[in-house]
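Notes follow the structure.
The values are calculated or read from the model by the stated rules, or taken from the named source; none is laboratory data. On a predicted model such as this, the values are computed, not experimentally measured, just so you know. Just the protein is used for accessible areas: all its heavy atoms, side chains included, with ligands, DNA and RNA removed. Shrake-Rupley method; radii C 1.70, N 1.55, O 1.52, S 1.80 Å.
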Amino acid sequence: MAERPEDLNLPNAVITRIIKEALPDGVNISKEARSAISRAASVFVLYATSCANNFAMKGKRKTLNASDVLSAMEEMEFQRFVTPLKEALEAYRREQKGKKEASEQKKKDRDKKTDSEEQDKSRDEDNDEDEERLEEEEQNEEEEVDN
């Protein structure tokens, strides 16, 4: 766990960015207010994590998963956020699946290219051997004619 209470706070840059995105243009926020929001956000994250952990423990698991967090949100009476969170989770999963498929396709293409290069190299080696054999045969024929 954290050694000091300040270690539990979210980074100021993250909080500032979230606040700026939430407020209309031209609205400023004092340093005190930003600090209060930062602490409140940290407390919320800790509380949500604790509630989600309770659901994981009930399931005899040590790893929190998305359903634990969604259940915690309902328990904390934040039901109105459950649907948007589920939608965001689905979007995240689709994105991850797309990245995984793209990575697998890239690997297949790379393997295919490597196989193709190996086949080309093998063909080149075979052609080199054929050329050497033909040269030997031609030399042998010339020697026979000379004899």
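Couple of notes before you dig in:
- Structural descriptor for the chain: relative contact order 13 percent, calculated from alpha carbon pairs under 8 angstrom and at least 6 residues apart.
- Rounded to 10°, Cα long-axis angle of helix 31-58 versus longest principal axis of the chain: 70
- Crossing angle, helix 82-146 versus the chain [Cα axis fit, 0-90 degrees, rounded to tens]: 10
- Theoretical gain in end-to-end length, N65 to D25 [0.36 nm per residue, Cα-Cα removed]: 10.8 nm
- The range 74-122 - percent of accessible surface contributed by carbon and sulfur, probe 1.4 Å: 48
- For the range 1-77, the Stokes-Einstein estimate of translational diffusion at 4 °C and a viscosity of 1.567 mPa s comes to 91 µm²/s, using the Kirkwood hydrodynamic radius over alpha-carbon pairs.
- The range 87-146 - accessible surface per residue (Å², probe 1.4 Å): 98
- Once the 1.4 Å probe is applied to the protein heavy atoms, the range 1-77 comes out at 76 Å² accessible per residue.
- Using the alpha carbons alone, the radius of gyration of the chain stands to its Kirkwood radius in an Rg to Rh ratio of 1.49.
- Degrees, to the nearest 10: 66-75 long Cα axis against longest axis of the chain: 10
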